[in-house]
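Undergrad: Pasting in a structure now, in structure tokens, and then I'll have a few things to ask.
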Amino acid sequence: MYATGLFLHSITRWAVLIALLLAIYKSARGYFRKRDFTKSDNSIRHWTATIGHIQLMIGMFVYTQSPMVAYFWANKKEAVKNADALFFGAVHILLMFAAVILMTIASAKAKREATSSAKFKTMLVYFSIALVIIFLAIPWPFSPFVQRPLFR
């Protein structure tokens, strides 16, 4: 079950990244070209946050099943010296929680903004910050922190 969850978590990461990139592109385009916030833009806002929440739920399952995380919590003093255990036991989950919280705030706040410009600006700012955090927290093959393959 852990391997399946890890595979789903790895695959879903791409959906999150694509959704965020699309939402950032559409919000930047809408904001700088002073466009109206359309039903399509609203749908992108909604689905970007939803995909982030789905990924978080899968990630929480993987976190509770991970032998690396179990080692981290059982041996905190030694585990903080192990880059993999520290990254997956604390850093990855904290940063990803922060990113999903920002995505949720962006979605909720943009939904309630009065003008199209304010909706686009809210999405642009919050989704961009979330994307930077996510890029830092993904264990890329080229990451200076912890490396993992692009697909697991």
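The values are calculated or read from the model by the stated rules, or taken from the named source; none is laboratory data. Only a predicted model underlies this, so the values are computations on that prediction, with no experimental measurement involved. Quick reminder, even Gly has a Cβ in these numbers, built from the backbone with ideal geometry, and neighbours come from all protein chains shown. What goes into the accessible areas is simple: the full protein's heavy atoms, side chains included, and nothing from ligands, DNA or RNA. Shrake-Rupley method; radii C 1.70, N 1.55, O 1.52, S 1.80 Å.
Undergrad: What part of the accessible area of the stretch 49-113, given as a whole %, is carbon or sulfur when the probe is 1.4 angstrom?
TA: On the way: 2540 of 3570 Å².
The nonpolar share, carbon plus sulfur, comes to 71 percent.
Undergrad: Something else: Grab every C-alpha pair in the stretch 1-51, bin the distances at 5 angstrom width from 0 up to the longest one, and report whole percents.
TA: Spelled out per bin, shortest first, that is 4, 21, 22, 17, 13, 9, 6, 5, 3, 1.
Undergrad: Would you calculate, for the chain, the mean residue ellipticity at 222 nm contributed by helices, counting each DSSP H stretch of 4 or more residues as -39,500 (n - 2.57) and dividing by all residues, to the nearest 500? Numbers along the way, then the final one.
TA: On the way: 7 runs with 117 residues, N = 152.
Estimated from H runs of four or more residues: -25500 deg cm²/dmol.
Undergrad: Tell me, what is the per residue accessible area of the stretch 75-142 in Å², probe radius 1.4 Å?
TA: 51 Å²
Undergrad: Where in the chain lies the longest segment free of chymotrypsin sites (Phe, Trp or Tyr not before Pro) that are both loop residues by DSSP (not H, G, I, E, B) and have at most 13 other Cβ atoms within 10 Å?
TA: Working: sites that count: Phe142, Phe151.
Looking at the chain, 1-141 is the longest stretch - no exposed chymotrypsin sites (Phe, Trp or Tyr not before Pro) with at most 13 other Cβ atoms within 10 Å.
Undergrad: From the convex hull of the Cα coordinates of the stretch 25-152, what is the mean projected area in square nanometres?
TA: In nm², the orientation-averaged hull projection of the stretch 25-152 is 8.7.
Undergrad: Then there's this: So how strong a dipole does the chain carry about its Cα centre when Lys and Arg Cβ are +1 and Asp and Glu Cβ are -1, to the nearest 20 debye?
TA: With Lys and Arg at +1 and Asp and Glu at -1, about 560 debye.
Undergrad: Also: Each residue of the stretch 134-145 in turn: what ³J(HN,Hα) in whole Hz from Karplus with 6.51, -1.76, 1.60 and θ = phi - 60°, glycine and Pro shown as x?
TA: 5, 4, 5, 8, 7, x, 5, x, 9, 5, x, 8
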